[in-house]
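Peer 1: Attaching a single structure in structure tokens format; questions to follow.
The values are calculated or read from the model by the stated rules, or taken from the named source; none is laboratory data. Only a predicted model underlies this, so the values are computations on that prediction, with no experimental measurement involved. Counting neighbours? That spans all protein chains shown, and the Cβs are built from the backbone with ideal geometry, glycine included.
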Amino acid sequence: MFSSEENPKRLAQIALVILLIVGCIAVLWPMIGAVLFAFVVWICTWPLYSEQLLPRLGGRNTLAATLMTTLLVLVMLLPMIFLAGSLASSADKLIDFARPYVEQGLPLDPPAWLSGLPFFGVEIDTFWHQIASNRAELNALLKQLVVPLRQFGLALGGIAANGLLQVALVIFVVFFLYRDGAKVVHSLYVAAHKLGGELGQEMLDKARGTVVGVMLGIVGTAAAQGTVAMIGFLIAGVPAAVLLGFATFFLSMIPIGPPLIWGGAAAWLYSQGLTGWAIFMVLYGLFIISSIDNFVKPVLMARGAGISILLIALGVLGGVLVFGFIGIFLGPVLLALGHMLFGRWTREDISA
């Protein structure tokens with residue numbers, strides 16, 4: 001027991017430590033997502049760096065970290081910039097396509113494919129004739145659309161800029177993790193041992209295995225979806241099939257990402273009068289492209305992490321709802337650690 005003189009001093013020390021921890025979290029909080037994702041990237045690529053690249057460069061940490069970071073730039077940042085440029089070019093083409101209709105007005109009759117749509121074709125045809133024959137009504141409709149489209153464009157640009165900034169921050173942080181990786185690994189294991197002894201080290205290994213498994217599931221599923229989607233686009237004759245395949249790869253990180261791509265491709269095919277190919281694209285997207293996410297991802301994650309598919313599914317869904325994108329990794333890790341502790345506790349209780 002502590003003496004009465006030591007108690008205030010000990011309480012003051014605890015208070016200072018708590019304040020220090022809170023202050024560090026407050027400073028890092030605006031960047032916590034990028035920092036945590038940098039740790040995810042570092043954990044998943046550390047064996048490649050430490051076992052393959054670093055020995056080949058004679059243990060020169062700074063040079064190896066620079067080369068590894070450059071590789072990450074090529075893999076993560078450049079494709080995003082390329083896709084952003086392609087989207088900007090497509091937006092310019094869309095504006096050029098719409099300008100004559102804004103300046104000269106709509107033709108009196110809508111395109112045959114638009115008025116021939118099932119269920120809604122008649123209503124669209126009536127509305128088209130209504131605004132095409134009345135210039136004032138068309139101008140009023142365009143004015144109503146300007147503000148939402150402008151807000152949507154600004155929001156989309158902000159999301160894209162923030163995404164690029166986050167990726168750049170991830171790459172910046174991961175450079176130092178590579179360079180000082182050996183010290184970081186040693187410090188993590190020492191801290192885990194001091195906090196929980198052998199169990200702490202086991203939990204650290206479990207967390208690493210779960211993160212690697214989740215990343216394997218995400219990247220593996222994205223690669224499979226992108227490849228299968230590109231094949232489908234090539235079969236259906238959709239232009240820029242390779243670019244759309246890359247877009248499917250990146251957008252597969254979000255639940256509704258791939259349908260935006262193959263759905264748009266199906267709409268384009270239908271607008272060209274290729275109804276059969278449009279139906280093929282919809283069926284191919286539903287039963288091939290999107291089905292991969294439902295079946296392949298949980299299996300890859302569960303195998304890589306060494307835990308059940310149920311825990312992976314619940315961890316991913318709950319983690320995303322609570323923590324956002326980084327919750328894809330945090331959710332399964334927390335459930336895996338909780339499952340591990342529960343299993344250890346029940347085994348000890350039975351043996352007792």
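Peer 1: Could you list, in sequence order, the residues of the stretch 205-225 that are more than 18 Å from THR45 (Cβ to Cβ) and surrounded by fewer than 23 Cβ atoms within 10 Å (Cβ to Cβ)?
Peer 2: The answer is LYS206, ALA224.
Peer 1: If we scan the stretch 259-269, do we find a residue that is closer than 26 Å to LEU334 by Cα and surrounded by fewer than 19 Cβ atoms within 10 Å (Cβ to Cβ)?
Peer 2: No, every residue in the stretch 259-269 fails to be closer than 26 Å to LEU334 by Cα and surrounded by fewer than 19 Cβ atoms within 10 Å (Cβ to Cβ).
Peer 1: Still on this structure: Could you identify the single residue in PHE295, PHE233 that is aromatic (Phe, Trp, Tyr) and touching a helix residue (DSSP H, G or I) at 6+ places or on another chain (Cβ under 8 Å)?
Peer 2: None of the other options fit; the residue is PHE233.
Peer 1: Here's another thing I want to ask about it. For the stretch 298-326, give me each residue that is of a type outside the set (A, V, I, L, M, F, W, C), modelled with pLDDT under 80 and within 15 Å of GLY217 (Cα to Cα).
Peer 2: Selection gives PRO298, ARG303, GLY304, GLY306, SER308.
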